[in-house]
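What follows is a set of notes on a single structure, which appears directly below.
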Amino acid sequence: AIPKIAVIGRPNVGKSTLFNRLAGKPLAIVDDRPGVTRDRREARGRLGDLEMLLVDTAGWDTEAVGQMENEMRDQSESAIQRADICLFVIDAREGVTALDRDFADLVRRSGKPVVLLANKAEGKAGDLGIAESYGLGLGEPIPISASHGEGMADLQVAIIQGL
Ligand code: GDP
Ligand code: MG
C-alpha cells in the first residue's frame, strides 16, 4: 500500500510549502498568517520513485480563536494516528520554540516513526536552529528548504528508512 505521511508542526514552519512540493502542485494555501481554512489537506505525492499519500495539518477555523492551539493539537493528533510515518517540521531560522516542543511530545507519544525536518535551511541562517533541534530527541535533523527544493534526496532516504 502507499504509505500515509503526516506533515506535523506548529504554524508557519513551512508544512504546506513542503506538502505542495511533494504533491507537485499548489494544493495547500501557503501563508505567513494564521487563520487560513479552506486549503486542501490530503493529496497523492511523490519523491523520486517513492509514492505517498500526504496529509497536511494545522489549519484551523478563524471562529476558533482562543481555542486555536487545542484545535491544532486535535487535528495534528488525528493525522498522526492515521499516518504510517510523520514528518515533523521546525523552522531552522527561528530555532526550537515551546510550541515545537509541545508538537514534538505529541509525535513522540504516538510511537509512530518520525523524520525531523529543519526547514528554511537554505543558506546559513538555519545553522543554529539545526543544532538546537537535536535537543527535541527526535533523532538527527534533516536540513531542507521546502521553498527551494533542497534536501529532498535526503528526505526520501529518511522516509524509506523510517517506514
Ligand atoms: P505552515 O503554516 O507550516 O503550513 O507554513 P507555510 O507553508 O504556509 O509557510 C509559512 C511561510 O514560510 C511562508 O511565507 C513560506 O513562503 C515560508 N517558507 C516555507 N518554506 C520555506 C523555506 O524553505 N525557506 C524559507 N526561507 N521560507 C519558507
Ligand atoms: Mg499550512
Residues (farther than 21 Å from Q156 by Cα, modelled with pLDDT of 90 or more and among the basic types (K, R)) located in the stretch 49-106: R93, R101
Members of the stretch 13-29 found to be buried (at least 17 other Cβ atoms within 10 Å of the Cβ) and either more than 15 Å from the chain's Cα centre (by Cα) or modelled with pLDDT under 90 (or both), listed by number: L27, A28
Which numbered condition E94 misses (of (1) under 14 Å from the mean Cα position of the chain (by Cα); (2) within 16 Å of ligand 2 (Cβ to nearest atom); (3) farther than 19 Å from D56 by Cα): (1)
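For (1) surrounded by fewer than 16 Cβ atoms within 10 Å (Cβ to Cβ); (2) within 18 Å of L22 (Cβ to Cβ); (3) not hydroxyl-bearing (S, T, Y), each residue gets a yes or a no:
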residue: I85; (1), (2), (3): no, yes, yes
residue: V89; (1), (2), (3): no, yes, yes
residue: T97; (1), (2), (3): yes, no, no
residue: D102; (1), (2), (3): yes, no, yes
residue: R109; (1), (2), (3): yes, no, yes
residue: V115; (1), (2), (3): no, yes, yes
residue: A125; (1), (2), (3): yes, no, yes
Index of the failed condition, G137 passing every other in (1) touching a strand residue (DSSP E or B) at 6+ places or on another chain (Cβ under 7 Å); (2) small (G, A, S); (3) surrounded by fewer than 17 Cβ atoms within 10 Å (Cβ to Cβ): (1)
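The values are calculated or read from the model by the stated rules, or taken from the named source; none is laboratory data. The structure presented is a predicted model; accordingly, all values stated were derived computationally and were not measured. Positions of Cβ are backbone-derived with ideal geometry, glycine not excepted, and every protein chain shown enters the neighbour counts.
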